[in-house]
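**Student:** Before anything else, here's the structure in question.
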Amino acid sequence: MATEALVAHRTQVMRLYRHSLKAMMSWAVQREFIYEKGREIRSEFEANRNLPTIAEAQRLVEAGQERLRENAHPDPYIVPYYIGGSMYARNPPFPKEVHIQSNFGREGYEQ
């Protein structure tokens, strides 16, 4: 039971770290600034790595999630080819009725 709780907590921490980095990338434009802020976020997580109790660690995760909600970007960055991105469904697939002829211009020739 204790190991399941630790695995669940570790998963929460990893997700919080990943979402923190993604949220930061919505605010930052320049790569150097992104790298610097990423190092700051990493050092903050590393500073709290070896906490004595799981209750204290869980309290910090909840505080981190609240901080993430407070610092959310009003118009977050969306990868262009994801749903809501600028390139999503730009080239939709052909309808089923359209057939693609791969040997165009050579239909009558046998090989």
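**Student:** Restricting attention to region 1-15, which residues are assigned to a helix (DSSP H, G or I) and not β-branched (V, I, T)?
**Tutor:** A2, E4, A5, L6, A8, H9, R10, Q12, M14, R15
**Student:** Condition (residue is at pLDDT below 85 and either part of a helix (DSSP H, G or I) or in contact with a Pro (Cβ under 9 Å, 6 or more places away or on another chain) (or both)) applied to region 77-86: is it met by at least one residue?
**Tutor:** yes
**Student:** Further question on the same structure: Would you be able to say whether some residue in region 90-110 is at pLDDT 75 or above, assigned to a loop (DSSP other than H, G, I, E, B) and surrounded by 10 or more Cβ atoms within 10 Å (Cβ to Cβ)?
**Tutor:** The answer is no, given that none of the residues of region 90-110 is at pLDDT 75 or above, assigned to a loop (DSSP other than H, G, I, E, B) and surrounded by 10 or more Cβ atoms within 10 Å (Cβ to Cβ).
**Student:** Could you grab me the full set of residues in region 15-63 that are aromatic (F, W, Y) and either at pLDDT below 90 or open to solvent by 70 Å² or more (accessible area, probe 1.4 Å) (or both)?
**Tutor:** Once the filter is applied, which keeps residues that are aromatic (F, W, Y) and either at pLDDT below 90 or open to solvent by 70 Å² or more (accessible area, probe 1.4 Å) (or both), region 15-63 yields W27, F33, Y35.
**Student:** How about region 36-95: which of its residues are among the aliphatic types (A, V, I, L, M), under 16 Å from L21 (Cα atoms) and touching a residue at least 12 places away in the same chain (Cβ under 8 Å)?
**Tutor:** Listed by number, the residues that qualify are I41, V61, L68, A72.
**Student:** Okay, moving on. Based on what the data block shows, is I83 β-branched (V, I, T), open to solvent by 100 Å² or more (accessible area, probe 1.4 Å) and either at negative phi or in contact with a Phe, Trp or Tyr (Cβ under 6 Å, 6 or more places away or on another chain) (or both)?
**Tutor:** So I83 passes the test.
**Student:** For region 64-74, give me the residue count where each residue is outside any loop (DSSP other than H, G, I, E, B) and open to solvent by less than 100 Å² (accessible area, probe 1.4 Å).
**Tutor:** 4
**Student:** All but one of (1) charged (D, E, K, R); (2) over 20 Å from the mean Cα position of the chain (by Cα); (3) at pLDDT 90 or above hold for E4; state the number of the condition that does not hold.
**Tutor:** The failed condition is (3).
**Student:** Report yes if some residue within region 43-59 is under 18 Å from the mean Cα position of the chain (by Cα), β-branched (V, I, T) and at negative phi; otherwise report no.
**Tutor:** no
The values are calculated or read from the model by the stated rules, or taken from the named source; none is laboratory data. The model shown is predicted, which means the values in this text are computed figures rather than measured ones. Neighbour counts run over all protein chains shown; Cβ positions are idealised from the backbone, glycine included. Accessible surface areas use protein heavy atoms only, side chains included; no ligands, DNA or RNA. Shrake-Rupley method; radii C 1.70, N 1.55, O 1.52, S 1.80 Å.
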